[in-house]
Amino acid sequence: MNNYQYPFYEVKKFSTIKEMIEIAANDAADKIAYKFRSDEEISAVTFSEFIDTVFSLGAFLHDTGLSDKHIACIGANSYRWIVSYFTALRGNGVFVPIDKDLPERDIFYLLNDSEASVVFCDDKFEKMFRTRSADSEQIKMFIVFGRKEHDGKFLSFDRCVEKGRTLDKSGYLNEHSEPDKLKMLVYTSGTTGNAKGVMLSEHNLVSSVYNGLMVSTVYDTGLSILPYHHTYEAVSDILVSFHHHSTICINESLPAMMKNFKIYRPSYVYIVPAIAESLYKRIMKNIQNKGNEYDFKALVNKSNELRRNGTDNRREIFSFIHKIFGSRLKKIVCGGAPIRSEVAEFFDNVGFDFINGYGITECSPLVCVNHDLYNDYRTAGIKLPCLEWRIDSPDEKGTGEICVRGDVVMIGYYKRPDLTAEVINDGWFYTGDYGYINEREQLTISGRKKNVIVLSNGKNIYPEEIESYIKDLDYISEVVVSGEKTADGIEKTLTAEVFLEEKKTPTEVLKNIRSACTALPVYKQISKVIIRDSAFPKTSSNKIKRFCSETQ
């Protein structure tokens, strides 16, 4: 492999969350940190106002003797969620984000397993916590975002902040965490029996922010869309944006996303492939419905010819598309799963910097991302400067399990040294993902290790590859490729289970799939189609659950 060298951005060095906040207070006090909808009005909060609120809430927690405990948070994306997050990170407690869409039994399991003493929550969870108080006796207080007054163990978030403003803040401000000790406890999504608590240290989080910004920067205004309990959003967007002193505009719900693009006019956004796919299909369907598909393709060809000759007029040529996103959107960061090249190519063709990356919660979460100046959206980009990586047991094409070692790798799984030992060996974290590294030291993801299909002829099949071809068919909304087993349990052929946007027969679908997959070898061809009556069950990050035991 060539030792390919990339230039990196200069990033202001910091080693703790405390330092990161101090830098913002000194360098960006009067800049807008957050914008969000409040009573149908758009509120704006400066960095100094935000930091003062964090310090006040921290002073309240310190005064109650709970600032050094495990502090959970469950609720929709909101300004108060972010305040709670920073308050826990700035103090010497441990932050535990909980997925708001989990079943009740899973929520209580995670709160008890994490040993949470304080819970920040939306109003809608108060009734559940009151009704099942016996299931969470270790929790000393619930701080409710929308509550107006205190009521026993259920406190008003605003009243807690108000009280904190009257207190001496020196106790909270003198708190500090050991950099390599547990700071954030993130549970992988999935069923209760399989959820694992990923232990991340302050050094992990700081390293992810600092090194991530060295490879891929952000701009002045971001629209924050993804669920905050996911590390991708909580670290790679919220913390990264804070250190860059960008303004984060909080998207209150997915249905409000397109409206908020026009209201906030962001310059960058973090999304997952499912959102990218939805946006792509929505725009293309609108173009097709207007009968403009031929003209659009002609514009793309003309634009790309100009680019090859050194002239980039994409933003002007495709201004009608940029207007959908507020006309200022420059950069789309996509992670969480592999993206279809057709979708990434579309956004690139019309003038967006489509930056693909790869990460996993156990790596805080960023492993690699495309360099802004050397972007190849067909890959997941280059590794963070603080990491080493290698491919374990590569096949003849160089594909094998991705292994990484360095500053962003987790401490381990909470209270599960047995599971930790299964994935970390001599500092190397075995990701469970397969891929290969090209001559430019960029990573391409092949698929999940647990999803690999081994046919009776010995061929290894990565279903994600075949699914990307099948998704080229506009009417196929979702697809899962699996091995078709014989009576004796041997996988000899492949089946595609699909959820359709329009009515088709299995014979029609199979014929179309075979046409879409003609570039694939014979052993990767689909032999059978199953049409579903409903969409596949999904995790909270909108990934299809291939197996009942899926946890990632």
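The values are calculated or read from the model by the stated rules, or taken from the named source; none is laboratory data. Just so we're clear, the structure is a prediction, and the values are computed from it rather than from any experiment. Cβ placement follows ideal geometry from the backbone for every residue including glycine, while neighbour counts extend to all protein chains displayed.
What the table below lists for this structure:
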{"item": "Answer from G152, G197, G222, G212 - the residue that is free of Cβ contacts under 8 Å to residues at least 60 places away in the same chain, closer than 30 Å to A274 by Cβ and small (G, A, S)", "result": "G222"}
{"item": "Failed criterion for L61 (all others in (1) modelled with pLDDT of 95 or more; (2) farther than 23 Å from L205 by Cβ; (3) not polar (S, T, N, Q) hold)", "result": "(2)"}
{"item": "Flag for D488 being in contact with a helix residue (DSSP H, G or I) (Cβ under 7 Å, 6 or more places away or on another chain) and either modelled with pLDDT under 90 or over 30 Å from D376 (Cβ atoms) (or both)", "result": "no"}
{"item": "Boolean, D433 is buried (at least 18 other Cβ atoms within 10 Å of the Cβ), outside the structural domain of P463 (by TED's automatic domain parsing) and in contact with a His (Cβ under 8 Å, 6 or more places away or on another chain)", "result": "no"}
{"item": "Test: residue in segment 506-518 that is touching a residue at least 60 places away in the same chain (Cβ under 8 Å) and either surrounded by 12 or more Cβ atoms within 10 Å (Cβ to Cβ) or of a type outside the set (F, W, Y) (or both)", "result": "no"}
{"item": "Residue match in segment 305-323 (condition: farther than 25 Å from K383 by Cα and in contact (Cβ under 8 Å) with a residue 60 or more places away in the chain)", "result": "no"}
{"item": "Selection count where residues are part of a helix (DSSP H, G or I) and within 16 Å of I238 (Cβ to Cβ), scope segment 24-40", "result": "1"}
{"item": "One residue from S15, S43 being in a strand (DSSP E or B) and either in contact (Cβ under 8 Å) with a residue 24 or more places away in the chain or basic (K, R) (or both)", "result": "S43"}
{"item": "Check on Y6, among the hydroxyl-bearing types (S, T, Y), over 22 Å from the mean Cα position of the chain (by Cα), assigned to a loop (DSSP other than H, G, I, E, B) and surrounded by fewer than 23 Cβ atoms within 10 Å (Cβ to Cβ)", "result": "yes"}
{"item": "Residue pairs meeting the criteria (Cβ under 7 Å; at least 6 apart or on separate chains; first under 16 Å from L387 (Cβ atoms), in segment 425-436; second assigned to a strand (DSSP E or B) and among the polar types (S, T, N, Q))", "result": "G435/T444; G435/S446"}
{"item": "Any hit, segment 311-330, residues being outside any helix (DSSP H, G or I), under 23 Å from T221 (Cβ atoms) and in contact with a helix residue (DSSP H, G or I) (Cβ under 6 Å, 6 or more places away or on another chain)", "result": "yes"}
{"item": "Residue list for segment 152-184, filter: of a type in the set (D, E, K, R) and in contact with an Asp or Glu (Cβ under 9 Å, 6 or more places away or on another chain)", "result": "R159, K163, R165, D168, E175, E178, D180, K181, K183"}
{"item": "Among (1) modelled with pLDDT under 95; (2) surrounded by fewer than 18 Cβ atoms within 10 Å (Cβ to Cβ); (3) not aromatic (F, W, Y) - the single one K323 does not satisfy", "result": "(1)"}
{"item": "Residue in segment 498-517 that is within 31 Å of the chain's Cα centre (by Cα), in a strand (DSSP E or B) and under 14 Å from V454 (Cα atoms) present", "result": "no"}
{"item": "Residue list for segment 327-342, restricted to those being at pLDDT 95 or above and either within 11 Å of I271 (Cβ to Cβ) or buried (at least 19 other Cβ atoms within 10 Å of the Cβ) (or both)", "result": "L329, K331, I332, V333, C334"}
{"item": "Scope segment 150-184; condition exposed (fewer than 15 other Cβ atoms within 10 Å of the Cβ) and assigned to a loop (DSSP other than H, G, I, E, B); matching residues", "result": "G152, T166, D168, N174, H176, E178, D180, K181"}
{"item": "Criterion violated by R282 - all others in (1) farther than 22 Å from L213 by Cβ; (2) in contact with a Pro (Cβ under 9 Å, 6 or more places away or on another chain) satisfied", "result": "(2)"}
